[in-house]
Structures are given as structure tokens and as C-alpha cells.
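Since the structure comes first, as C-alpha cells, the remarks are kept for the end.
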Amino acid sequence: GAVVSQHPSRVICKSGTSVKIECRSLDFQATTMFWYRQFPKQSLMLMATSNEGSKATYEQGVEKDKFLINHASLTLSTLTVTSAHPEDSSFYICSASWGKEGADTQYFGPGTRLTVL
Amino acid sequence: AQSVAQPEDQVNVAEGNPLTVKCTYSVSGNPYLFWYVQYPNRGLQFLLKYITGDNLVKGSYGFEAEFNKSQTSFHLKKPSALVSDSALYFCAVRPGTDKLIFGTGTRLQVFP
């Protein structure tokens, strides 16, 4: 149980284009979803937290107009990287939790490798 | 500032030997503690967590972790390592309902 999927697993795009990444909780309803970014050989950096039906909460330094997050249902959240640039190339990982409590486990998706040319 | 430390970038152990991956933290209050494992080019897999109660927590794949409040540590352990345990391990701490704070990760290499 507690499976989270991401699509696509890998995407290459041209500079200036937009890319959408989907995160789905397959066997549970996710009240809260999180989006992280991981640089090579580094830890995860939280970008934003989204609760179903409400606006995402972005971490300091993350541009909300550049990284659009939509949590339209209890099983789907999307991250859209708008006007992507090479510096946006990274490994993006989502996680989902069925609750909002601190003890609730976050279950992670397999990640999406974004390469912007 | 709240932080999580994984003092070893890499831990090497022979197959069949016990392993320990260290984690210490500096956060306010009584946080929730987690261990995750990451295989190459994959997301993180949940191993175990400590919420309250018994200081020894058992998790997936034979892993366990010991919570030590006085030392603010949450070391990951396994009695007998497998080559397939080779991966990147992350300790994470969550102060209340605040965000998860991750350590920098420890690469475990198990040699046959």
C-alpha cells in the first residue's frame, strides 16, 4: 500500500517551454502533497506544500509564478515549470500524505528527471 | 536553526555484518523521526518512523532504529547487512506539523 506515482519519469525540453509533472497517490487519498527538488548528491529541498482544494504554500525563495502547483483532487497534484531554463534542470520528487499531522508518513514518488536544453 | 546531521557520507560494511547509519538532530520540542532509503534515480522509500513509546522501532527489510532522547540521536541499524541494502539513506525529522528536515544522506555500501 501507499504507492505514489509520477509522470513522466524523464523529460527533456527546450528553454522557454513549460513542463507539467503529475503526482498521483494510487491507493490512498492524499490530503497533503509535497514537491521537492533534489540536486546531484544532495538532500531534498522542499519547494511547496499543497492541500487539496486550496492554494499551495511555497517555501522561501521558490517562485510561485514559475512553479505552478495544482492539487485538484485527493489523488492528483501537478507541478508546472513555466518558461523553463537550464538552471531548472533537476530531479523533482513529490510525496503524499493522507493527513496533516506531523506523525503522518510522507510517501514519495519515483521522481522526474527534468533536463532543459 | 533546526538541523539534522548524518556525520558519515559513506558507510562500508561486509555482507553479513551488522550495520549502523548515524543520525543526530537539533530541533525544538519532541519531533517525529523518519528513515528513508533511496536507490539510484528513484524516489525515497519509507523504512520506519518514531512517534512515541518504545525507543526501538522496527521497520521494513529488517531495519530498526533506536531513539535516544538525551543524545538526540536516531541511528539506523540492521543485524546482518545484505548487498542489496547498498543505497543512499536519509534521516528526516519533523518538528510538529512543520516541514520535514532531511539530513544530507549516507551512502551505504555492502561488500560481498
Taking segment B:7-40 and the residues there that are touching a Lys or Arg at 6+ places or on another chain (Cβ under 7 Å) and assigned to a loop (DSSP other than H, G, I, E, B), the one that is most open to solvent (accessible area, probe 1.4 Å) would be B:9
Having 2 or more residues that are more than 14 Å from every other protein chain (Cβ to nearest Cβ) is the bar; report the strands (runs of 3 or more DSSP E) wholly within segment B:72-112 that clear it. B:73-78, B:106-111
Residue A:35: passes all of (1) farther than 17 Å from residue B:44 by Cα; (2) within 12 Å of another protein chain (Cβ to nearest Cβ) but (1)
Which pairs have Cβ atoms under 6 Å, sit 6 or more apart or on different chains, and link a residue in segment B:1-24 that is within 13 Å of residue B:66 (Cβ to Cβ) to one that is of a type in the set (S, T, N, Q)? B:21/B:106; B:23/B:6; B:24/B:72; B:24/B:73
Segment B:24-49, residues that are farther than 25 Å from residue A:6 by Cα and either more than 12 Å from the chain's Cα centre (by Cα) or at the interface with chain A (Cβ under 9 Å from one of its Cβ atoms) (or both): B:26, B:27, B:28, B:29, B:30, B:31, B:32
Pick out the one residue from A:45, A:33 that is under 12 Å from the mean Cα position of the chain (by Cα) and open to solvent by 70 Å² or more (accessible area, probe 1.4 Å). A:45
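The values are calculated or read from the model by the stated rules, or taken from the named source; none is laboratory data. Note that the coordinates shown come from a computational prediction; the quantities given were computed from them, not determined experimentally. Ideal geometry is used to build each Cβ from the backbone, glycine not excepted, and the neighbour counts take in all protein chains shown. Note: accessible area is taken over every heavy atom of the protein model, side chains too, but ligands, DNA and RNA are not part of it. Shrake-Rupley method; radii C 1.70, N 1.55, O 1.52, S 1.80 Å.
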